[in-house]
Amino acid sequence: MNKIIFTFLFLIGTHYTIGAQKRFDFTLISENIVRDYIVSVPTGVAPAEGWPLVIMCHGTGGQGDKFYEISKWKELGQMKNFISVFPSALRYCIIEDSVPTITTKWNCKDIPEILCPNQNIKDDVLFISSMIDSLIKNFPNINTQKIYFSGFSNGSCFGSKLSIELNKKIAAYAGCGGFMGLEDTLQVVEPLPMWIVLGTDDPKFTVPYQVRELPFNDSILILLRGPIMRYLHSLGLENQYQKIEYPNSITYIYNTPLSTIQKSEFRFTIVKGMTHQYPNGDNFPVVAAEIFYDFFDDYCRISTGIEKQDIAKITLYPNPSSNIIQCNGSEENDQIFTITVYDLNANIIFQTQEKISKLVLEKEKIGTGLFFVELVSANRYISKKIIFK
C-alpha cells in the first residue's frame, strides 16, 4: 500500500548553545503527526569528508531530551567532531500487568499486542527516514556514508528493526538492553555491522528467564540462542564466533558469511553486574557512547550493488499456508540451494538440498506456526519467514 508522506521541517526552531555544542530543536510532520528531535552540532569546522551522524533512541517512557542530557553522545560529538540526534517516540496507551498506562514507545516487536483498544500506531521507520533526509538537506556537510544508530531497551529493539529496514542509509548499529523482535527479522540488502550489549543483572531478561542473573559464560549463548539467531539470519552469518574476554565482559563476534556476497558482522557482549541501563560512566563505570563510536568509526556504508529486486526474485507461496508452500524463482536462481527451516528458538526443523523450482515445504513435516527459512547457495543467501496454519 502506498503511503502519502507529509513532511515539513520547521527551520525556524529553537536554538540553544550549551557549553561548547550547539543545540537545535526541530519538528517535522510524518503521517500528519508532529514529531520532534534534538540536534547537537559541534563547534568548529566540519571534517573534510563531512560530519558523521549518530542517532540515539531512548527507551520506553523516555524522550529525546532525556538522552540528550544523559547519554554522553553530545559531549563525545564535540570531542570527536560529529553530529548527534535525539528523536522522541510517540505516546501510546499500553497494557502493562493488566493496567492501562500512557507512555512513549517505539513501534517494534510486540507493540500491537500490548496496545489499548483504538490506538493508531504510527510508522517510526518512516519518521526516522524522513528525519535523516531533512538533516542531510539542512546540514549539507553530513557524510551520508557515516550515519550510525544507537538505542536503549525499546529503542534498541526499534534500532535493530530500523537499521535493517533502512540499511541503505545506516552504516552500523549498536544498542543496549534490547534485542530485535521476532516479527522484525528481515534480510539486509547490504552489509551492516550490528552490536548488542546486555547486563547480567538486567531484570528485563532475568525475570522472564526466571534466573537471579544471566550467565557470565558461554551458556549465555544457549539461553539467548533465539534472539542471537535473529541477527545471524538477518545478516546472513554462520553461527560461528570469536570470543574476547575481560574480567567484566565477554564479547562474541560473528563475521563468517553464509555466502560470498554477505560481509556483515554481529557482536554480542554480556557485561557483569550491569542492570537495565545505557551506561554513561555515572550509572555504571563504562561509557557506551565512547565504546560504540570506536566501533562505528571503523565502518562506512559501502554499496554491494545488490538490489531489493534481486532478493525478491525468489518467492515462497502461498504464505501463510495450511498445507504446502512452494518456491518461485527466476531462471538464474534455479540452482542447488541448501534449504534450512528453523523454529522460533532457532532449532533446525527441516533441511534439504534442492533446486528452487523443485522445492516444496510441507506442513506435515514442519508443523504449525511461524518459521524461518534459509536458502543458501555458493553465491546467494536468502532469508524468508513462513507460516503454516
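Long hydrophobic helices in the chain: the complete DSSP H runs spanning 18 Å or more by Cα along their own axis with mean Kyte-Doolittle hydropathy of at least -1.0 are 124-138.
Among the listed pairs 365/385; 358/385; 263/385; 168/263; 105/389; 22/72, those whose Cα-Cα separation exceeds 24 Å are 105/389. The loop-placed trypsin sites (Lys or Arg not before Pro) in region 93-186, going by DSSP, that have at most 14 neighbouring Cβ atoms within 10 Å of their Cβ come out as 168.
For region 44-61, backbone phi angles converted through the Karplus equation (6.51, -1.76, 1.60; θ = phi - 60°) give residue-by-residue couplings of x, 8, 5, x, 4, 8, x, 6, x, 10, 10, 9, 10, 10, 6, x, 4, x Hz, Gly and Pro being listed as x. A Förster radius of 25 Å combined with the Cβ-Cβ distance from residue 248 to residue 225 puts the calculated FRET efficiency at roughly 0.60. Got a sec? Which residues in region 145-187 would a label at residue 275 touch, if it sits 7 Å along Cα→Cβ and we count backbone N under 16 Å? Zone members listed by number: 153, 177.
Ordering 149, 316, 120 by Cα displacement along the dipole of the chain toward the positive end leaves 120 in first place; charges were set at the Cβ atoms of Lys, Arg (+1) and Asp, Glu (-1).
Please work out the FRET efficiency for the pair residue 300 and residue 365, using the Cβ-Cβ distance as r and a Förster radius of 41 Å; give the result to the nearest 0.05. FRET efficiency, residue 300 to residue 365: 0.40.
None of the figures in this text is laboratory data; all of them are computed from the coordinates on show. This is a predicted model, so every value here is computed, not measured. Counting neighbours? That spans all protein chains shown, and the Cβs are built from the backbone with ideal geometry, glycine included.
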